[in-house]
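**Student:** Right, I'll just put the structure down here and ask away after.
The values are calculated or read from the model by the stated rules, or taken from the named source; none is laboratory data. In this text the structure is predicted, and so the values were computed from the model without any measurement. Every residue, glycine as well, gets a Cβ built from its backbone with ideal geometry; the counts of neighbours run over all protein chains shown.
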Amino acid sequence: MKLIVGGVGALVVLSLCNTGCQGGASKSGVVDGLPNSMGSASGQADAGGTAGATGTVSDASGSPRSCSDLFDQTVVPSYAIEISPDNWAKLDADFHDLKDVLAGTPPQTYYPIVFHYGSETVSNAAIKLRGKSSWVSTVMFDANPKMQFDVSFDQVDAKQKFHGVSTLRLTMPRDDWTFINDRIGSNWLREIGLAAPCANNAKLTINGDYYGLYISEGNVGTALLKQFFPDNYSGDLFKGGTQSETNTATTNWPRLQQLRAATDIATLQGLVDLPNSVLEWAAEAVVNDADGYYGGSHNYFIYDQGQAGWLWIPDHTDSALEWLELFDPSVSYREHPLYWWAGRTAPDAPGTDYLIVMNDPTWRGHYVDAIATQVAKWDPNQIIGWANAWSAQIADAMAADPHRWATAAEAASALVALQDFARNRPQYLQSFVRCEQGSAADSADQDQDGVAWCNDCDDSNSAVRPGAPEICGNHLDDNCNGVVDENCPGEQPGYPGQPAGGAPTGG
């Protein structure tokens, strides 16, 4: 999620595989890594049991991996929690105290709650805040800021699940004016075989008052790994490449440091599952993810498969789809799939491993092939169908949300932009692939520097192109390698789009 200031066209950023490539389908009836089992007849969670485990449903895509019935696409579940006034006050204080969030260490305190779903009750559930930049943005800019939550059923009893689920993530960043971007992204990623949680929308009531509408999704952790890596799910998982999510007591930090220390393609090939990682990055390029690993090197997971190597896993698509059309319209669906930072307002730094791959001719070619593979799986009619159906499904809940930020007109404009994106992005990427394949009709060279647009990070400036000399001090990425002013005495290398470019050293 990006920190947004202002309306359409105004943007300020506060930094803070192929189907089946990640394992086969889960066994029938397996949800969140464990078989469903019924709780007590009253719906109360038994110790070590699963309350109200009523079965499984397909995700929206009809992929072979089932979801808990909490993620039924045909309903908008209504969840209710009870929390003591004292703990609610503490949670609210945590929410409004931004210093730790801005430092990259948001509070992780769980507070006890009673959780209700229809006639079912979990009396020993827990809740904590979630988010980082989305958390900061709503507190800073909204009159009635909206919390996002993780609802945990296994904090008190490590074996307890609800409808087969250990954690519900209730997420709703303020820059998703449609309230469905994560839902669309997760369901499409699951359809093409990439590890993404089940997701739908849900309403939340707190202490008797309607609090708001959310994307409800499963957790990214061991449970999801069991679905997508059924024969290899015990490895280390890191959020953002730094935060240990599994095996926290035995994390292999030296192995992670090996990955961080890689500076060349030969080293990377020995550590990373590159074929499947570039397929994941290509899928992010298709959905135009503005803050995934592709698009900002910020919102992602990496998973250690052991001998098979490290693999990137997506995390959220709220700043995707129509996001750039709304907040950075000069780029919109035309975000360059190689040089995604080109033309963007204040993009984050490209990931080091991404640049190593893109600056190697062979692997760059494999990435182009991966884009061709993934964009072929994008069906505009399917995406538009989901968007229209789900927007109608949640319309009343969105309108009644006391913490909503987008007006009805803004939500309607976002839906139109999403529909436009669904049609236009694949056509743009297909043109990119044809350009890479040498199609003269698709190989425009606007600045007449001898480099077609698909391989040029700035096709409006003939002095900027792959292989051009890096001119020290001009704060431009002259040679299109994703680094500004490298090997320049007195300059600290920067990244394209950085407000000050390369900064002077010393002083």
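**Student:** Just checking, how many residues over region 107-156 are assigned to a loop (DSSP other than H, G, I, E, B) and over 17 Å from residue 318 (Cβ atoms)?
**Tutor:** 12
**Student:** Output the number of the condition that residue 369 fails; it satisfies all remaining conditions of (1) at pLDDT 95 or above; (2) not hydrophobic (A, V, I, L, M, F, W, C); (3) not in a helix (DSSP H, G or I).
**Tutor:** (3)
**Student:** For a quick check of your reading of the model, give me the residue pairs whose first member lies in region 168-192 and is at positive phi, whose second is in a helix (DSSP H, G or I) and among the aliphatic types (A, V, I, L, M), with beta-carbon atoms closer than 6 Å and at least 6 apart or on different chains.
**Tutor:** Matching pairs, first to second residue: 179/394; 179/398.
**Student:** Going through region 300-348 one residue at a time, which ones are part of a loop (DSSP other than H, G, I, E, B), out of contact with any His (no Cβ under 6 Å at 6 or more places or on another chain) and of a type in the set (Gly, Ala, Ser)?
**Tutor:** Residues satisfying the conditions are 309, 319, 320, 330, 343, 346.
**Student:** Out of the residues in region 233-244 meeting the condition of being at pLDDT below 95 and in a loop (DSSP other than H, G, I, E, B), tell me which one is surrounded by the most Cβ atoms within 10 Å (Cβ to Cβ).
**Tutor:** Looking at residues that are at pLDDT below 95 and in a loop (DSSP other than H, G, I, E, B), I get 241.
**Student:** Still on this model: Exactly one condition in (1) assigned to a loop (DSSP other than H, G, I, E, B); (2) buried (at least 21 other Cβ atoms within 10 Å of the Cβ); (3) of a type outside the set (S, T, N, Q) is not met by residue 285; state its number.
**Tutor:** Single failed check for residue 285: (1).
**Student:** Quick check on residue 364: is it in a loop (DSSP other than H, G, I, E, B), among the basic types (Lys, Arg) and either more than 20 Å from the chain's Cα centre (by Cα) or on the phi < 0 side of the Ramachandran plot (or both)?
**Tutor:** Considered against the rule, which asks whether it is in a loop (DSSP other than H, G, I, E, B), among the basic types (Lys, Arg) and either more than 20 Å from the chain's Cα centre (by Cα) or on the phi < 0 side of the Ramachandran plot (or both), residue 364 comes out as no.
**Student:** Right, another one. Identify, please: which residue in region 52-83 is touching a Cys at 6+ places or on another chain (Cβ under 9 Å) and part of a helix (DSSP H, G or I) and is, among those, surrounded by the fewest Cβ atoms within 10 Å (Cβ to Cβ)?
**Tutor:** 70
**Student:** Got at least one residue in region 162-172 being aromatic (Phe, Trp, Tyr), more than 25 Å from residue 303 (Cα to Cα), buried (at least 24 other Cβ atoms within 10 Å of the Cβ) and touching a Gly at 6+ places or on another chain (Cβ under 7 Å)?
**Tutor:** yes
**Student:** Under 8 Å by Cβ, and 6 or more places apart or on different chains, what pairs join a residue from region 442-453 that is over 15 Å from residue 480 (Cα atoms) with one that is of a type in the set (S, T, N, Q) and buried (at least 17 other Cβ atoms within 10 Å of the Cβ)?
**Tutor:** Partner pairs satisfying both residue conditions: 442/431.
**Student:** Filtering region 175-223 down to residues that are outside any helix (DSSP H, G or I), among the polar types (S, T, N, Q) and at pLDDT 95 or above, which residue is nearest to residue 412 (Cα to Cα)?
**Tutor:** 178
**Student:** Taking region 392-427, which residues are of a type in the set (S, T, N, Q) and either buried (at least 20 other Cβ atoms within 10 Å of the Cβ) or touching a strand residue (DSSP E or B) at 6+ places or on another chain (Cβ under 8 Å) (or both)?
**Tutor:** 393 - this is the single residue of region 392-427 that is of a type in the set (S, T, N, Q) and either buried (at least 20 other Cβ atoms within 10 Å of the Cβ) or touching a strand residue (DSSP E or B) at 6+ places or on another chain (Cβ under 8 Å) (or both).
**Student:** Go through region 234-270 and report how many residues are within 30 Å of residue 117 (Cβ to Cβ) and either among the acidic types (Asp, Glu) or assigned by TED's automatic domain parsing to the domain that holds residue 390 (or both).
**Tutor:** Residues flagged as within 30 Å of residue 117 (Cβ to Cβ) and either among the acidic types (Asp, Glu) or assigned by TED's automatic domain parsing to the domain that holds residue 390 (or both) within region 234-270 amount to 1.
**Student:** In region 252-264, which residues are surrounded by fewer than 18 Cβ atoms within 10 Å (Cβ to Cβ) and part of a helix (DSSP H, G or I)?
**Tutor:** Selection gives 253, 254, 255, 257, 258, 260, 261.
**Student:** Could you give me the residue pairs with C-beta distances under 9 Å whose first residue belongs to region 410-438 and is over 16 Å from residue 367 (Cα atoms), whose second residue is among the polar types (S, T, N, Q) and not in a helix (DSSP H, G or I) wherever it lies, and which are 6+ apart or on separate chains?
**Tutor:** So the pair list comes out as 411/178; 414/178; 415/178; 417/178; 418/178; 421/288; 425/288.
**Student:** Here is a follow-up. If you go through region 53-62 one residue at a time, do you hit one that is within 19 Å of residue 170 (Cβ to Cβ), touching a Gly at 6+ places or on another chain (Cβ under 8 Å) and either among the basic types (Lys, Arg) or at pLDDT below 95 (or both)?
**Tutor:** There is no residue in region 53-62 that is within 19 Å of residue 170 (Cβ to Cβ), touching a Gly at 6+ places or on another chain (Cβ under 8 Å) and either among the basic types (Lys, Arg) or at pLDDT below 95 (or both).
**Student:** So how many residues does region 402-430 have that are more than 30 Å from residue 368 (Cβ to Cβ) and part of a helix (DSSP H, G or I)?
**Tutor:** The number of residues fulfilling the criteria is 9.
**Student:** Could I ask something else about it? Need the failing condition index for residue 448 against (1) surrounded by fewer than 17 Cβ atoms within 10 Å (Cβ to Cβ); (2) out of contact with any helix residue (DSSP H, G or I) (no Cβ under 6 Å at 6 or more places or on another chain); (3) polar (S, T, N, Q); (4) assigned by TED's automatic domain parsing to the domain that holds residue 399, just the number.
**Tutor:** All conditions are met except number (4).
**Student:** Oh, and also: Considering region 84-116 alone, what residues qualify as being surrounded by fewer than 19 Cβ atoms within 10 Å (Cβ to Cβ) and in contact with a Phe, Trp or Tyr (Cβ under 6 Å, 6 or more places away or on another chain)?
**Tutor:** 87
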